[in-house]
Each structure stands twice: as C-alpha cells, then as structure tokens.
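The values are calculated or read from the model by the stated rules, or taken from the named source; none is laboratory data. All values reported here derive from a predicted model rather than from experimental measurement. Note that each Cβ is placed from the backbone with ideal geometry, even for glycine, and that neighbours are counted across all protein chains shown.
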Amino acid sequence: MNVDVPLPLDVSQVLSPSLVLVREALEHNLREMLRIAGSADRLRPHCKTHKMAAVTQRELALGITRHKCATFAEAEMLADAGVTDIFLAYNVVGPNIARTVAFRQKFPQVTFAVTADDPDQLQQLDSACGAAEQTVGVFLDIDPGLHRTGTDDPARVLRLVSQLKSSPSLQMRGFHLYDGHNHQVDVAERKAGVLAGWTIAEALRARCLAAGFNVPKIVCGGTGSFPIFAELDDPDIELSPGTTVFHDTNYGSLFPDLHFQPALWILTRVVSRPTPTRLTLDVGNKAVAADPPKGQRLFLPALPDAVQVLHNEEHLVLETPDAARYRPGDVLWAVPRHVCPTTALHRSVTVSENRQLVDQWIVTARDRQLTI
Ligand SMILES: Cc1ncc(COP(=O)(O)O)c(C=O)c1O
C-alpha cells in the first residue's frame with residue numbers, strides 16, 4: 001500500500017492521540033471508487049466507515065445519491081446531511097421496529113428500506129408501519145456464503161417474497177448480498193468467490209421472476225468485491241463499498257490490486273523512552289480499533305520494523321533499535337489496521353489539506369442514538 005500522502009506539517013497544537021483526515025487521499029479514494037463503479041448511479045456506499053455528514057456531503061456533490069448504513073444513528077446522519085435514498089442494511093427487531101416508523105415520520109422525503117430474512121419480522125414490520133399509515137422498503141437478505149444473516153434457500157426466498165407482496169405496508173425493493181468472506185488476496189480466487197455468491201443471487205432472482213415476483217435491485221459487495229460486481233453487465237446491481245473512503249492496512253495487504261490510499265491517520269506522541277530500545281506512545285487501545293490481534297493494530301511507516309510488545313488502554317510500547325532517534329513529545333504517524341471501528345472511537349477528526357490543518361469534522365453517527 002502506498003502510504004505516501006501529504007500529512008500536515010505543523011501539528012504542534014493538535015492533541016494526541018487523535019485522528020487526522022488527509023483530504024487529498026479522501027478525494028483520491030472517492031474518485032477511484034467512482035472510476036471502478038463506472039458511474040455514480042451504480043453506487044450505494046456504506047457510511048459505516050466514516051459516520052460523518054461532511055464525507056456524505058462530498059459523496060452527494062459527486063452525484064452519489066443512494067446510501068447505505070447499519071444503524072439508525074447513521075441513517076439519521078445521512079438524512080440530516082441531505083440524502084433522500086437510504087438503505088439500512090440491518091434486520092430491524094425489537095425497539096428498532098418502532099424506530100423504523102419514527103424514522104419514516106421524521107424524514108418523509110427519504111426513500112427508506114431495511115433488510116429482512118424472517119416471516120415474523122416482516123409481519124411485525126408490516127403491522128407497525130400499517131398502524132402508523134407508513135410504508136417501508138425491504139431488501140431480502142441473501143446469504144452468498146458469509147453465513148452471517150440471510151438465506152440461499154429458494155423455497156424460503158419465494159415464501160418471503162410472496163409474504164412481502166401481500167404486506168400492504170411493505171415494498172419489495174430487491175435483494176441484499178454482502179460477501180465479507182471474499183478476502184482472497186489472489187484476484188482470480190476472489191473473483192471465483194464473488195461470482196459463486198452472485199450465481200446464488202441470480203438463480204434466486206430467476207426463480208422469483210418465474211413465479212411472477214419482481215426483484216428491482218440487488219445491493220452487492222464491499223471494498224474487495226465491488227470491482228468484480230462492477231464488471232458484471234447487470235443494470236440492477238448497486239455497489240456498496242464502505243472502507244474505500246479511508247482504506248486501512250488490513251485491506252492494503254488483502255487487496256494489493258486496489259489502489260486506494262490511507263486517508264485517516266492517527267497522530268500519536270512518544271511519552272516515554274524507558275530503555276535505549278523501547279519507546280512508549282500515547283495511542284492506547286481506546287484510540288485505535290482493538291479487534292486485530294495485539295501487535296498488529298496499527299502501522300508506523302517511520303518505524304516499520306518496530307515490535308509492538310504491549311498495548312494497554314493509554315499506552316503502546318514498542319521495541320526498536322531506532323528508539324534513540326526519538327524523545328518524549330516527538331510525533332509519530334500511524335495507519336490503523338481496521339479503520340471503521342477506529343473512527344467510531346473518536347468524536348471528531350482534524351482535516352488536513354495542502355499540508356495545513358483546515359477543519360474539524362464531527363463523527364456524528366459514532367453515537368448509537370441521535371434523536372430516534
Ligand atoms: C452489510 C455490509 N455492506 C457493506 C460493507 C462494506 O464493506 P467494506 O468495509 O469491505 O467496504 C459492510 C462492511 O462490514 C457490511 O457489513
């Protein structure tokens with residue numbers, strides 16, 4: 001992964017640990033996402049990675065009108081930012097059924113859809129929407145091999161589609177297909193995995209059409225698979241990458257064929273040099289996602305061979321023969337291994353452009369609940 005991006009020159013007044021968004025890299029990634037998709041019309045990017053109105057508005061300015069999210073806070077952030085076509089790609093259950101109705105009432109101008117894969121869930125959604133004289137769109141969740149949610153069983157899909165058709169407050173919008181298991185480094189192998197999932201969806205669509213049920217759209221993929229879906233000549237495909245906007249070292253090593261740049265950087269400082277070969281930084285596991293294994297949660301381009309020996313809430317301890325180059329207070333830049341949960345750990349990011357700090361963007365949807 002090319003980590004050569006224009007970082008800001010003067011960060012002496014910026015607190016650490018904190019996040020710095022490099023505008024040039026963000027713009028590069030947005031352009032690259034559009035280039036791969038072929039046109040803005042084919043995209044429905046997932047906002048889970050950035051959770052920010054400012055990034056959403058950049059996408060809207062580029063003509064990307066359809067957006068995807070996973071939580072009601074993200075849906076609300078998108079609607080407040082001006083998005084009028086929102087797909088909450090999550091099965092709504094429990095209090096989220098009432099929140100679906102509340103969302104429809106608060107944002108009547110928004111075309112809104114959720115996922116479903118269960119008859120009881122559909123029934124509850126239909127009666128709650130019916131009681132409030134609202135309608136909501138539904139994308140049936142298809143399992144392309146991730147085995148997380150959804151189904152690949154034709155009989156079950158036909159039953160669900162038929163139930164949808166007879167639910168007055170629900171509108172069949174199509175299928176949802178997320179294939180987060182397709183992380184093969186080899187492009188030919190990844191392509192085979194993606195096409196295996198697509199074949200399942202295509203066959204299910206054919207069964208629905210033969211039974212007289214329409215499947216208007218199929219929302220497909222993430223960062224590693226959307227370029228492969230983009231090559232398919234199917235007008236009903238919508239592409240839903242998420243991590244692309246910021247990229248990270250995990251996807252940098254998994255997908256060497258993709259040319260996104262790391263846009264979201266962690267600013268950290270040396271707080272101690274306890275031994276001649278040891279440096280302690282202030283980027284604890286409350287400032288960078290801790291789902292990757294210990295020792296691999298971030299990459300420091302200035303110290304690529306440093307061994308991360310201890311990672312606590314507020315400290316990261318490195319062993320490196322280069323420790324003598326640093327003293328307490330010195331700045332180090334790091335790229336997170338998993339950027340999406342890293343963003344969610346911070347209230348805001350500092351934006352850099354032309355190597356200057358120019359703005360502060362709020363990570364609005366890091367909260368679980370905004371108003372709904
Ligand atoms: C349902 C769904 N769609 C899209 C995405 C975006 O995938 P990626 O982060 O690989 O771009 C995710 C990521 O977790 C997801 O869960």
Among residues of the stretch 147-201, those that are of a type in the set (Ser, Thr, Tyr), closer than 15 Å to ASP126 by Cβ and assigned to a helix (DSSP H, G or I), counted: 1
Subset of the stretch 231-249 [in a helix (DSSP H, G or I) and crowded, with 20+ Cβ neighbours inside 10 Å]: THR243, THR244, VAL245, THR249
Say we look at the stretch 211-226 and pick out the residues that are surrounded by fewer than 24 Cβ atoms within 10 Å (Cβ to Cβ) and assigned to a loop (DSSP other than H, G, I, E, B); which of these is nearest to the ligand (Cβ to nearest atom)? GLY222
Would you check if there is a residue in the stretch 264-283 being crowded, with 24+ Cβ neighbours inside 10 Å, under 30 Å from THR65 (Cα atoms), touching a residue at least 40 places away in the same chain (Cβ under 8 Å) and within 16 Å of the ligand (Cβ to nearest atom)? yes
Scope the stretch 22-81; condition on the phi > 0 side of the Ramachandran plot and within 16 Å of the ligand (Cβ to nearest atom); matching residues: LYS51
Does any residue in the stretch 20-32 that is surrounded by fewer than 18 Cβ atoms within 10 Å (Cβ to Cβ) come within less than 9 Å, Cβ to Cβ, of a residue that is assigned to a helix (DSSP H, G or I) and of a type outside the set (A, V, I, L, M, F, W, C) six or more places away or on a different chain, and which pairs are these? GLU27/ARG58; GLU32/THR244
Identify all residues within the stretch 191-211 that are in contact (Cβ under 8 Å) with a residue 60 or more places away in the chain and farther than 19 Å from PRO154 by Cβ; write none if there are none. none
Could you look through the stretch 284-314, keep only residues that are hydrophobic (A, V, I, L, M, F, W, C) and more than 18 Å from THR342 (Cα to Cα), and pick out the one that is surrounded by the fewest Cβ atoms within 10 Å (Cβ to Cβ)? VAL307
Looking for whichever is at pLDDT 95 or above and closer than 24 Å to ASP85 by Cβ here; the options are LEU204, LEU254, LEU195. Which one fits? LEU204
